[in-house]
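Have a look at the structure below, then the notes.
No lab work stands behind these numbers, since they all come straight from the coordinates. The structure presented is a predicted model; accordingly, all values stated were derived computationally and were not measured. Cβ coordinates were reconstructed from backbone atoms using ideal geometry, including for glycine residues, and neighbour counts include every protein chain displayed.
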Amino acid sequence: MTVRESSWGALEPDDRIGYRAEWDNTLDRFSAVVQAYGDQRLDQDIATQLIDVARILADFTPSLVRMQLRQPSADDLRRLGILSAA
Amino acid sequence: MVARSPEEDRAFIDNLLRRLTTHQRALTRQEIRRLRQYFASRALPEQPTTRVLEKHGKHVEDDLQWPDDTTPDEYLVSLRDTILNPRGGIYLVEPEIELTWTIYFVGPVPYRWRGRHHGHSIVVLFNAERLLWITGFQAEAGEAYVDRQQGFWGHRTH
């Protein structure tokens, strides 16, 4: 994500449009896996990897904001224990 | 069948898309047919280009949305079939961020194109002003993915 952000402004608009569309879909996939986690349908090692991914996504929130990319939902992060329940 | 030059085709599509994005209305059957034909035969690459190989690598090889053995040519075939599918939808997105319209062709994922992590719709994106292909992938959320892009349907999926 750091590499992507460093070259973001130099990309063609079509490449940014494509990346945003694909990223949006990636986060739908992430949400589907979080749902599986909530339903206790994931093996422990996959659940551990999912939480690692969620931490990375949370850490990159400022980059996502700057690139105007969709952020993971607070509900998903809370479900994984990355955000505390309000 | 009326023979038209590529320049006439391009001018017709340019004009149609300009009117469509201005008035945000539903397409007629003839307009749908012309849009599908133009984007499938003139805007989507005929052969695997650098962009096709890049997108094939991401969506077929890495994300496993298509079957593992899908070639770049077959990936293109699946996108072309989606554009031409009469049951598929056509959606236009307003240029809020990049200041250029995007057109989406959306259709179901046929069984033969279902990979291990397939989605619920194939979506094919083009720049609707430069008439260039952007990307094609399988949307996890299907039509709901397209519905939330803050644009409008020129033609709804059946």
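General observations
- Note that chain A, at 25 °C in a medium of 0.890 mPa s, gets a Stokes-Einstein diffusion coefficient of 177 µm²/s from its Kirkwood radius over C-alpha pairs.
- Comparing A:GLN68, B:TYR104, B:ILE13 along the charge dipole axis of the protein assembly as shown, the residue lying farthest to the positive side is B:ILE13, per the Cβ-charge model.
- Across the range B:6-155, the mean sequence separation of Cα contacts (distance under 8 Å, 6 or more residues apart), normalised by length, yields a relative contact order of 24 percent.
- The shape of the protein assembly as shown comes out prolate: with a ≥ b ≥ c from the C-alpha gyration tensor, a/c is at least 1.5 and a/b beats b/c.
- In degrees, nearest ten, helix B:6-23 long axis to first principal axis of chain B (Cα): 80 degrees
- Among A:LEU11, A:LEU42, A:LEU64, residue whose mean-square fluctuation peaks in a GNM of chain A (springs only between Cα atoms under 10 Å): A:LEU11
- Relative contact order (%) - chain A, alpha-carbon pairs under 8 angstrom, separation at least six: 36 percent
- A simple count of charges around A:GLN35, restricted to other residues whose Cβ falls under 15 Å of its Cβ and scoring Lys, Arg +1 and Asp, Glu -1, yields -1.
- Each Lys and Arg contributes +1 and each Asp and Glu -1, all at the Cβ; summed about the Cα centre of the protein assembly as shown, the dipole is approximately 900 debye.
- Number of partner chain Cβ atoms within 10 Å, mean per residue of B:131-143: 4
- The long axis of helix B:29-38 is offset from the longest Cα principal axis of chain B by roughly 60 degrees.
- Of the GluC sites (Glu not before Pro) found in the range B:26-81, the ones in coil according to DSSP and having at most 14 other Cβ atoms within 10 Å of their Cβ are B:GLU46.
- Neighbourhood charge, 10 Å Cβ-Cβ cut-off, centred on B:SER121 and excluding it, Lys, Arg +1 and Asp, Glu -1: -2
- Global form of the range B:104-151, assessed from the alpha-carbon gyration tensor, a/c cut-off 1.5: oblate
- Net charge in the neighbourhood of A:ARG20 (other residues with Cβ under 12 Å of its Cβ; Lys, Arg +1, Asp, Glu -1) is -3.
- In this Cβ point-charge picture (+1 for Lys and Arg, -1 for Asp and Glu), the range B:6-155 has a dipole of about 580 debye about its Cα centre.
- On Cα atoms only, tilt of A:13-38 relative to the major axis of chain A in degrees: 0 degrees
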